[in-house]
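The values are calculated or read from the model by the stated rules, or taken from the named source; none is laboratory data. These figures come from a predicted structure and were not determined experimentally. With ideal geometry, Cβ positions are generated from the backbone for all residues, glycine too; neighbour counts draw on all protein chains shown. Ligands, DNA and RNA are excluded from the accessible area calculation, which covers all protein heavy atoms including side chains. Shrake-Rupley method; radii C 1.70, N 1.55, O 1.52, S 1.80 Å.
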Amino acid sequence: MTRSRYIRDGVGIAVIGAGSIGTLRAQIAHRHPCVDFLAVCDVIGEKAQALAGACGADAWSTDAAELIARPEVDAVVVASTEDAHFDPAMGSILARKPVLVEKPLTILPDEAEKLLAASDEYSVALYTGFTQRFRRRYLAIKEHVLRGHVGQVTSAKATIYLTEAVARSVISRAGTTTPSINTMTYLFDLLFWYLDGPLPVSAYAASSRGNIHDDYAAPDATWSVLTFDDGTVANLGVSWELPEFWPAYVASMDFELFGRDGTISVKDDHRDVLMASRVPVPAPYTPDVSMNVALLGSYMPGDWALGEHFGAMQEETHAFINGVGQNRQDPILATGAEGFNVLMASRAVDEAATTGEVVPITWGL
């Protein structure tokens, strides 16, 4: 596939990781008219080469450092497995190239701290990929909170559910992840984004043990309560327990925000567009799993239609590329620091679920 270049001397992008999300990021970058150089990388050479052919990449490699160092590359997207974000992200920063890292920023807090310190030292933009910020319904909440229609937030309740098939796909490639670190992370990010400053001072949580725990020693579900120093309280929950034939491709979410002057409630379960077919429908994230009833629109990154991709991941990727090309901070993209805050909350919730104790959260950065 030959990539058209309508604008010369544009932005050079390297995508690290050729899994489902890296593939989607590369395809979106391939279609952006200002991307004049595209490189892709995966530790499995066959995957990198296949993706390069599919998106008309100018270069491919199994060596992320090699691609990042290329002078044609201006910015980097890190879409490797969750436990392999640190090295390519740090390499990008040291090369003075802006970098968008898929959530979670890292799994280990000390690695995240090093990325933030390097980002500050070298004045390099570091972002965390929280795609749901770019969906209209969640962006609308942010706008109306800013306009004062909710007033001082007093409490919040949010849930996110994944199918067991998706959960197995996630944890099989990154065995140290958990439902909190991988999935509830979206809820933490949205909540902290809406509050715009206050962070929780303690976490309490409990987890369940089911099929995922039997096979991977990780929780199947985690339910948490976060307390803020101003008295705000939030109940956030995640479940990896939906059967693989559940009609939501990937996730179902709900989000409620309560304030002194108003309340916003989003029912994001995708039941408004339901398809039933005698022809099996493959799930976008886990194509080896098919269903005969599907909730269309439930694939979190967005959807393909008529050969083009539409949705939140396209808009987030475009925001990153546009920001690099214009040398500006996009107001919606999550920063590295925001990704770190989410990671700390995730790990505090996991600690609370393990110990059964209320865990204080100290914010050192």
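Structural remarks
- Residue check, Pro200 over 19 Å from the mean Cα position of the chain (by Cα), of a type outside the set (Gly, Ala, Ser), buried (at least 19 other Cβ atoms within 10 Å of the Cβ) and at negative phi: yes
- Identity of the residue in the range 236-245, more than 16 Å from the chain's Cα centre (by Cα) and at pLDDT 90 or above, that ends up most open to solvent (accessible area, probe 1.4 Å): Glu241
- In the range 269-286, the residues that are under 11 Å from Ala248 (Cα atoms) and among the acidic types (Asp, Glu): Asp269
- Residue check for Ser239: more than 17 Å from Asp269 (Cβ to Cβ) and touching a residue at least 24 places away in the same chain (Cβ under 8 Å): no
- Qualifying positions in the range 314-352 - out of contact with any helix residue (DSSP H, G or I) (no Cβ under 8 Å at 6 or more places or on another chain), crowded, with 19+ Cβ neighbours inside 10 Å and more than 30 Å from Cys55 (Cα to Cα): Ala348, Ala352
- Residues of the range 109-144 classified as open to solvent by 10 Å² or more (accessible area, probe 1.4 Å), among the charged types (D, E, K, R) and touching a strand residue (DSSP E or B) at 6+ places or on another chain (Cβ under 8 Å), total: 1
- Among (1) assigned to a strand (DSSP E or B); (2) open to solvent by 20 Å² or more (accessible area, probe 1.4 Å); (3) hydroxyl-bearing (Ser, Thr, Tyr), the one test that Ser172 misses: (1)
- Scanning the range 138-169 for residues that are part of a loop (DSSP other than H, G, I, E, B) and not β-branched (Val, Ile, Thr) returns Arg147, Gly148, His149, Gly151, Gln152.
- Among residues of the range 143-164 being under 18 Å from the mean Cα position of the chain (by Cα) and of a type outside the set (Ser, Thr, Tyr), the one that is modelled with the lowest pLDDT is Leu162.
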